[in-house]
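The values are calculated or read from the model by the stated rules, or taken from the named source; none is laboratory data. Bear in mind that the values here come from a model prediction, so they are computed numbers and not experimental data. Positions of Cβ are backbone-derived with ideal geometry, glycine not excepted, and every protein chain shown enters the neighbour counts.
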Amino acid sequence: MSVKLILQFVLALFMVAAGVNHFLKPRVYMHIMPPYLPRPRELVLLSGMAEVLLGVLLLVPRTTPLAAWGLVALFVAVFPANLYMAQHPERFPKIPRALLWLRLPLQGVLILWALWYT
């Protein structure tokens with residue numbers, strides 16, 4: 001089994017687990033949403049569904065490229081929430097400020113990771 005294939009499974013598992021967590025702990029995700037976004041609960045649940053679906057589709061050879069592009073779009077779409085967290089560290093006192101800022105380049109890493117499967 002190649003490293004690329006192993007990492008594809010890792011990304012898919014990560015996405016499915018993250019998506020399921022949106023349903024288990026929606027308030028955590030609602031808390032990180034910028035206040036200018038409407039309907040935070042619905043957006044959290046929608047993004048959770050997208051993460052689960054795209055994670056599963058990433059493992060289906062026929063839909064892998066489409067799922068990878070969907071993940072790229074999703075990572076771009078959630079970037080404002082990560083930026084909001086970094087800009088408002090007082091709302092997240094349990095998370096070190098440096099970690100809040102490190103989340104921003106992590107989005108780039110996730111985008112590159114997903115692009116590998118397009």
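Observations, loosely collected:
- Contacts under 8 angstrom Cβ, first residue in the range 94-114 being aliphatic (A, V, I, L, M), partner not in a helix (DSSP H, G or I), 6 or more apart: 100/92
- The residue that is farthest from residue 100 (Cα to Cα), among those in the range 30-40 that are free of Cβ contacts under 8 Å to residues at least 24 places away in the same chain and surrounded by 14 or more Cβ atoms within 10 Å (Cβ to Cβ), is 40.
- Of all the criteria given as (1) touching a Gly at 6+ places or on another chain (Cβ under 6 Å); (2) without any contact (Cβ under 8 Å) to a residue 40 or more places away in the chain; (3) surrounded by 18 or more Cβ atoms within 10 Å (Cβ to Cβ), the one not satisfied by residue 75 is (1).
- Contacts under 6 angstrom Cβ, first residue in the range 1-23 being closer than 18 Å to residue 45 by Cα, partner part of a helix (DSSP H, G or I) and acidic (Asp, Glu), 6 or more apart: 15/51; 18/51; 19/51
- Selection over the range 84-118 of residues that are assigned to a loop (DSSP other than H, G, I, E, B) and of a type in the set (Ser, Thr, Tyr) gives a count of 2.
- Among the candidates 73, 81, 18, the residue that is modelled with pLDDT under 95, aliphatic (A, V, I, L, M), assigned to a helix (DSSP H, G or I) and within 11 Å of the chain's Cα centre (by Cα) is uniquely 81.
- Between 84, 117, the distinction of being in contact (Cβ under 8 Å) with a residue 60 or more places away in the chain and hydroxyl-bearing (Ser, Thr, Tyr) belongs to 117 only.
- Output for the range 56-100, where each listed residue is of a type outside the set (Phe, Trp, Tyr) and over 25 Å from residue 13 (Cα atoms): 86, 87, 88, 89, 90, 91, 93, 94, 96, 97, 98
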